[in-house]
1. Among (1) under 27 Å from Ala58 (Cβ atoms); (2) of a type in the set (A, V, I, L, M, F, W, C); (3) surrounded by fewer than 20 Cβ atoms within 10 Å (Cβ to Cβ), where does Ala163 come up short?
2. When you check Ala211 against the structure, is it over 30 Å from Met97 (Cα atoms), at pLDDT 90 or above and not basic (Lys, Arg), yes or no?
3. Being over 14 Å from Met169 (Cα atoms) and either in contact with a Phe, Trp or Tyr (Cβ under 9 Å, 6 or more places away or on another chain) or assigned to a helix (DSSP H, G or I) (or both) is the filter here; which residues of the range 180-203 pass it?
4. When the residues of the range 124-145 are filtered to those that are part of a loop (DSSP other than H, G, I, E, B) and not hydrophobic (A, V, I, L, M, F, W, C), which remaining residue is farthest from Gln165 (Cα to Cα)?
Amino acid sequence: MFLVEQGANLHIQNQGGFTLVHSAASNGMVDVLKAVLARGLDINALDWNWRWSALHRASSVGDMHMAETLLALGADVQVRNKAGVKFLCFARTEPMMRLLMAHGADVNYYSNKSKVTQLHTLAFSNPFGDKERHFIEFLLKLGADVDALAEDGKTPLRFAATAAQPDAMQLLLAAGADPNKRDYNGWTPLMHVCQYSRDINRIRLLLEAGANPNASSMTWISGGSAPISPLLIVARFPDRACNKSEAMKLLLEAGADMRHEANRLYEYKKAQIKLVLRGIGYTVA
């Protein structure tokens with residue numbers, strides 16, 4: 001405060017672009033913050049590296065008093081950082097979330113580039129514990145869109161399935177998440193789980209929630225145009241798929257139709273596919 005009163009250069013920035021506003025907010029120095037703002041510094045100034053404002057820093061560390069002070073002094077709750085992410089993403093407590101939302105933060109906000117919402121971020125958390133569960137429940141209660149689409153069309157459920165988080169999947173499904181929602185490649189969460197996972201429980205969870213075992217897509221990762229389904233994914237790509245025989249059995253018991261054009265296993269005369277099917281009571285001519 002003495003230096004401020006003695007006319008020190010208040011517009012100095014460090015090599016990362018931090019201003020005295022950032023420093024005061026980071027250190028909980030409310031009096032200094034008010035003093036430098038009174039002398040013309042920008043409350044919404046962004047650093048040079050990550051384009052964080054003082055409010056980004058206060059919300060990320062859970063400093064309620066500083067966040068309340070910044071908002072009362074005119075901090076803009078809609079400012080995005082370098083990645084296009086708004087403040088709500090950095091809130092780590094329910095009170096901080098409530099404070100930001102009371103000042104206009106959108107529960108369904110998304111980043112500029114990826115369109116990932118807070119719900120996507122939490123569903124992808126690893127590890128996924130009580131804190132993440134509580135935040136998801138809180139966001140859903142406040143109206144978060146359970147089927148919000150990221151830039152590539154992926155939903156929070158798809159994020160949870162990819163992150164191997166059955167607890168998050170269960171929570172989202174119970175809240176009405178669509179197990180058959182397709183991404184922009186035409187793939188459902190079940191198709192992705194069959195392709196990349198070894199957790200049979202996630203396949204079972206999706207099927208029990210109503211995932212269509214005969215869902216198919218004309219879009220394949222390599223750019224192919226032949227239709228592909230969960231059953232065919234497991235059959236053709238055992239090295240990447242989950243436990244092959246058990247997964248195929250689950251899909252068949254759930255109604256996967258081998259005669260469906262996307263399940264034309266008879267076109268693939270691989271001996272291992274025949275052996276797997278024979279072992280679970282199915283034969284292919």
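1. Looking at each condition in turn, Ala163 falls short on (1).
2. yes
3. The answer is Asn185, Met191, Cys194, Gln195, Tyr196.
4. Result: Gly143.
Conditions (1) surrounded by fewer than 19 Cβ atoms within 10 Å (Cβ to Cβ); (2) modelled with pLDDT of 90 or more; (3) in contact with a Cys (Cβ under 7 Å, 6 or more places away or on another chain); (4) hydroxyl-bearing (Ser, Thr, Tyr), marked per residue:
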| position | (1), (2), (3), (4) |
| --- | --- |
| Trp187 | no, yes, no, no |
| Arg204 | yes, yes, no, no |
| Ala215 | no, yes, no, no |
| Ile233 | no, no, yes, no |
| Ser245 | yes, no, no, yes |
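The values are calculated or read from the model by the stated rules, or taken from the named source; none is laboratory data. Every value quoted in this text rests on a predicted model; they were computed, and no experiment measured them. So basically every Cβ, Gly included, is an ideal-geometry build from the backbone, and we count neighbours across all protein chains shown.
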